[in-house]
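Student: Please see the structure below; I have some questions.
The values are calculated or read from the model by the stated rules, or taken from the named source; none is laboratory data. Here the structure is a predicted model, which means the values were calculated and not measured. When we count neighbours, we look across all protein chains shown, and the Cβ atoms used for this are built from the backbone with ideal geometry, even at glycine. Each accessible area value is taken on the protein alone, full model and side chains, heavy atoms only, with ligands, DNA and RNA left out. Shrake-Rupley method; radii C 1.70, N 1.55, O 1.52, S 1.80 Å.
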Amino acid sequence: MAEMRIVDAINAAMARAMADDERVIVLGEDVGIDGGVFRVTDGLIRKFGADRVLDTPIAETGIAGVAVGLAAQGMRPIAEIQFLGFLYATIDQLVNHAGRLRTRTRGRLTCPLVLRAPYGGGIHALEHHSESTEAMLAHIPGVRVVIPSSPARAYGLLLAAIRDPDPVVYLEPKRIYRAGHEEVADDGAALPLDTCFVLREGRNVTLVTWGAMVVETMMAAGLLASQGIDAEVIDVATLKPIDMATIVASVRKTGRVVVVHEAALSGGLGGEIAARLAEEDGVLRGPVRRVTGYDTVVPLAKLERHYMPSISRIMTAVRETMPSEIPA
Amino acid sequence: MQVATFAVTHHRFLDPSGRTVQPLPAFANDPETLRELYRAMVLTRTFDTKAIALQRSSRIGTYPSSLGQEAVAVGLAAAMTADDVLLPSFREHGAQLWRGVTPTEMFLYWGGDERGSDFAVPREDFPNSVPIGSQAPHAVGVALAMKLRRQPRAAVCVFGDGATSKGDVAEAMNMAGNWRAPVVFVISNNRWAISVPRAAQTAAATLAQKAIAAGIPGDQVDGNDVIAVRHVVGEALHAARAGGGPRVVEALTYRLSDHTTADSAKRYRDQDAVAEAWKEEPIGRLRAYLTGHGAWSDDDECQLIDESTARIDRAAEQYFAMEPAPPSAVFEYLYAALPKALEGQRDEVVQGHHHG
């Protein structure tokens, strides 16, 4: 066991996968000697050499397309896009190729690639460095979208993503890359994809979230407990496909739900989760509330805090799901 | 002060009348090799003719003819080994046929059945790429995989003149140059990107010179001279497999057909120019050479037409006879194993609820 932060856990998972399987290679901008702009790939080039840790030109379409070609040849590429804001050039490759190569060749060619990118705001970054547009990616058939929220889940989910026989977009919550640490066993054990994680059990309300917002949501749950509200917290973790069975079971128990995400409200995955709950008979006993980013451009550093979902907004939303029971 | 100079060379062996303009490469001294190329081009044209007829009678969907461009597809495929990997655009029917894709599979694909891209042979070739030029970076990935495994193989990526305007292609050439990836990019310059002529596509004098900015050699070849295509692509592949890095080959040809069966080229191009282009088409050119050298007769021609037509007709019959895939196939190949979350959607399709 070692103390790891999320950034360390991701690095350890890649190193483990590369040591276990020579088909695994890493490519991206500055991933070599520089170790990536967030140092996530730090040291990999020394351990595994420049043949397996490839610095690429600044060409995101090319990086994703090369990864598709490598994957179709049976390699296991892990391609890094420096920020989610630079990933949009890869969407043509994800939609038109990575997500459909297996379907269109009836399994003759497949695409076991991982596309990693840091996402999300709250670090006072430059323009284009704070977005949370995972819903765009989760709309793409044939790919998986995974977002970890702790060092242990970062490690286990990345190993699962690398070993998965299909393409996985793995978004890293950069605000909490170094926010905390925990004991993580570098034992090569993967965690299941397509599965929500119940981080806290509760009876009164279900808080559904993912990524960096898990931090605020868990803090809100702690404060709610002191007010006598017993909140269950679910980390969705795999956003495509979503494990609705776990979420529905939880809300069937609590009757109330708040979805928390950094992404913009409209078209965000909170809407999908709310719709799926509404489609179930007798599950919801109060209005769904969503605590999300706004339908705006993510503000730059000075105004960013007004955009990011806060603990107090989560608390307010929870109370709104149960107006008759808990006075405001 | 001049710091660098570049040149693009044009290669041709047969002129439009089938006369040699320089000594032929060694492989072309064997008449049987040339007859094989000739038969493949005729088979390709026969396939095209049948496919258009099937589209007109609603037996397949929209279809892009390769009429006039047969020498590019056949020539580049003939230069490949079975171990190389082809990444075509969607007009390389002649290359697919040469490499072992069956006309039945091709009718299936153009008829709207994914099974048509599950080639029994060649297993590693990519399916057609409809989004223009987007397969170019795949070819670099394929070639990089070959290089990392130290395999003496190469990838061949084909796209049209229009694709050279895409960033994908520029990025792919640049990366291939960086990594000395064993890939040959063949630009099938048929002068038309649907309605936009080559001259309006780019101010560059040649498309081969797109290679130069990527630091790799670029050559131009008469794309209606199958000997030239086979030779130049062959040399590029030989170099690539031996660690010599990537190359670009611009093959000058002409799209004698509409862009697809959904297009009407009369809307935007002068029929006199098309009539001129017919004088340079590749099949008559090679037939003139073969006939002039006593290597082809009218009887050979009649027999070839009969055999090609019979083979393609047989393939069409096999295509008609195929049972449609079951509705579950919509979900079966989406992921290696269908996620639990999608089982309900699959069951709905399998149980036929979508028919209302």
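Student: Test A:LEU94 against the stated conditions and say whether it is open to solvent by 10 Å² or more (accessible area, probe 1.4 Å), out of contact with any Cys (no Cβ under 6 Å at 6 or more places or on another chain), under 27 Å from B:GLU124 (Cα atoms) and of a type in the set (A, V, I, L, M).
Tutor: no
Student: Which one of B:ALA275, B:ALA316 is under 30 Å from B:THR253 (Cβ atoms) and touching a Leu at 6+ places or on another chain (Cβ under 8 Å)?
Tutor: Matching residue, one of B:ALA275, B:ALA316: B:ALA316.
Student: Another question about this same structure. Name the residue, out of B:ARG198, B:ARG153, that is open to solvent by 10 Å² or more (accessible area, probe 1.4 Å) and closer than 29 Å to B:VAL274 by Cα.
Tutor: B:ARG198
Student: Would you please name the residue that is farthest from A:SER130 (Cα to Cα), looking only at residues in segment A:183-204 that are open to solvent by less than 60 Å² (accessible area, probe 1.4 Å) and not in a loop (DSSP other than H, G, I, E, B)?
Tutor: Ranking the qualifying residues of segment A:183-204, first place goes to A:VAL184.
Student: Could you list, in sequence order, the residues of segment A:128-163 that are more than 14 Å from every other protein chain (Cβ to nearest Cβ), open to solvent by 10 Å² or more (accessible area, probe 1.4 Å), under 11 Å from the mean Cα position of the chain (by Cα) and not polar (S, T, N, Q)?
Tutor: If the condition is that a residue be more than 14 Å from every other protein chain (Cβ to nearest Cβ), open to solvent by 10 Å² or more (accessible area, probe 1.4 Å), under 11 Å from the mean Cα position of the chain (by Cα) and not polar (S, T, N, Q), then A:ALA135, A:ARG153 are the ones that fit.
Student: Would you confirm whether or not segment B:119-134 contains a residue that is farther than 30 Å from B:ASP313 by Cα, touching a Leu at 6+ places or on another chain (Cβ under 9 Å) and β-branched (Val, Ile, Thr)?
Tutor: Within segment B:119-134, not a single residue is farther than 30 Å from B:ASP313 by Cα, touching a Leu at 6+ places or on another chain (Cβ under 9 Å) and β-branched (Val, Ile, Thr).
Student: Within segment B:150-158, is there a residue that is within 9 Å of chain A (Cβ to nearest Cβ) and of a type in the set (Val, Ile, Thr)?
Tutor: The answer is no, given that none of the residues of segment B:150-158 is within 9 Å of chain A (Cβ to nearest Cβ) and of a type in the set (Val, Ile, Thr).
Student: Is it the case that B:ARG115 is at the interface with chain A (Cβ under 9 Å from one of its Cβ atoms), farther than 15 Å from A:LEU109 by Cβ and either buried (at least 24 other Cβ atoms within 10 Å of the Cβ) or modelled with pLDDT of 95 or more (or both)?
Tutor: no
Student: Is there a residue in segment A:172-182 that is within 14 Å of chain B (Cβ to nearest Cβ), assigned to a loop (DSSP other than H, G, I, E, B) and either touching a helix residue (DSSP H, G or I) at 6+ places or on another chain (Cβ under 7 Å) or surrounded by 24 or more Cβ atoms within 10 Å (Cβ to Cβ) (or both)?
Tutor: There is no residue in segment A:172-182 that is within 14 Å of chain B (Cβ to nearest Cβ), assigned to a loop (DSSP other than H, G, I, E, B) and either touching a helix residue (DSSP H, G or I) at 6+ places or on another chain (Cβ under 7 Å) or surrounded by 24 or more Cβ atoms within 10 Å (Cβ to Cβ) (or both).
Student: When you go through (1) under 23 Å from A:VAL24 (Cβ atoms); (2) within 10 Å of chain B (Cβ to nearest Cβ) one by one for A:ASP92, which number turns out not to apply?
Tutor: Failed condition: (1).
Yes or no, residue by residue, for (1) within 13 Å of chain A (Cβ to nearest Cβ); (2) surrounded by 11 or more Cβ atoms within 10 Å (Cβ to Cβ):
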{"site": "B:ARG314", "(1), (2)": "no, yes"}
{"site": "B:PRO326", "(1), (2)": "yes, no"}
{"site": "B:LEU334", "(1), (2)": "yes, yes"}
{"site": "B:ARG346", "(1), (2)": "yes, yes"}
{"site": "B:VAL350", "(1), (2)": "no, yes"}
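Student: Out of all the residues in segment A:211-229, which are of a type in the set (Gly, Ala, Ser) and surrounded by fewer than 22 Cβ atoms within 10 Å (Cβ to Cβ)?
Tutor: A:GLY222, A:ALA225, A:SER226, A:GLY228
Student: I need the full set of residues from segment A:230-279 which are part of a helix (DSSP H, G or I), open to solvent by 30 Å² or more (accessible area, probe 1.4 Å) and not small (Gly, Ala, Ser), in order please.
Tutor: Scanning segment A:230-279 gives A:THR246, A:ARG252, A:LYS253, A:GLU272, A:ARG276.
Student: Let me ask something else. Quick one: would you say A:THR206 is polar (S, T, N, Q), within 29 Å of B:LEU338 (Cβ to Cβ), at pLDDT 95 or above and more than 14 Å from the chain's Cα centre (by Cα)?
Tutor: When the stated conditions are applied, A:THR206 passes them.
Student: Could you say whether any residue in segment A:177-185 is β-branched (Val, Ile, Thr) and either more than 24 Å from A:LEU84 (Cβ to Cβ) or at pLDDT 95 or above (or both)?
Tutor: Checked segment A:177-185: at least one residue is β-branched (Val, Ile, Thr) and either more than 24 Å from A:LEU84 (Cβ to Cβ) or at pLDDT 95 or above (or both).
Student: Take B:VAL130 and tell me if it is outside any helix (DSSP H, G or I), open to solvent by 30 Å² or more (accessible area, probe 1.4 Å) and more than 7 Å from chain A (Cβ to nearest Cβ).
Tutor: yes
Student: Something else now. Yes or no: B:LEU144 open to solvent by 10 Å² or more (accessible area, probe 1.4 Å) and facing chain A (nearest Cβ under 8 Å)?
Tutor: no
Student: Taking helices (runs of 4 or more DSSP H) that do not extend beyond segment B:242-356, which have at least 1 residues that are closer than 24 Å to B:ARG35 by Cβ?
Tutor: In segment B:242-356, the matching helices (runs of 4 or more DSSP H) lie at B:271-278, B:282-292, B:298-321.
Student: Hey, another quick one. So in segment A:282-312, with the set limited to residues that are of a type in the set (Lys, Arg) and more than 16 Å from A:GLY122 (Cα to Cα), which one is most open to solvent (accessible area, probe 1.4 Å)?
Tutor: Applying the filter and picking the extreme gives A:ARG285.
Student: Right, another one. Yes or no: A:ARG100 open to solvent by 10 Å² or more (accessible area, probe 1.4 Å), closer than 16 Å to A:PRO141 by Cβ and more than 7 Å from chain B (Cβ to nearest Cβ)?
Tutor: In short, yes.
Student: Of the residues A:GLU127, A:GLU131, only one is of a type in the set (D, E, K, R), closer than 22 Å to A:LEU158 by Cβ and not in a helix (DSSP H, G or I); which?
Tutor: A:GLU131
Student: With respect to the numbered conditions (1) closer than 19 Å to B:GLU92 by Cα; (2) among the small types (Gly, Ala, Ser); (3) touching a residue at least 40 places away in the same chain (Cβ under 8 Å), which one is the sole condition not fulfilled by B:GLY243?
Tutor: It is condition (1) that B:GLY243 fails.
Student: Can you go through B:THR49, B:THR44 and tell me which one is in the same structural domain as B:ARG153 (by TED's automatic domain parsing), in a helix (DSSP H, G or I), closer than 17 Å to B:GLU317 by Cβ and in contact with a helix residue (DSSP H, G or I) (Cβ under 9 Å, 6 or more places away or on another chain)?
Tutor: B:THR49
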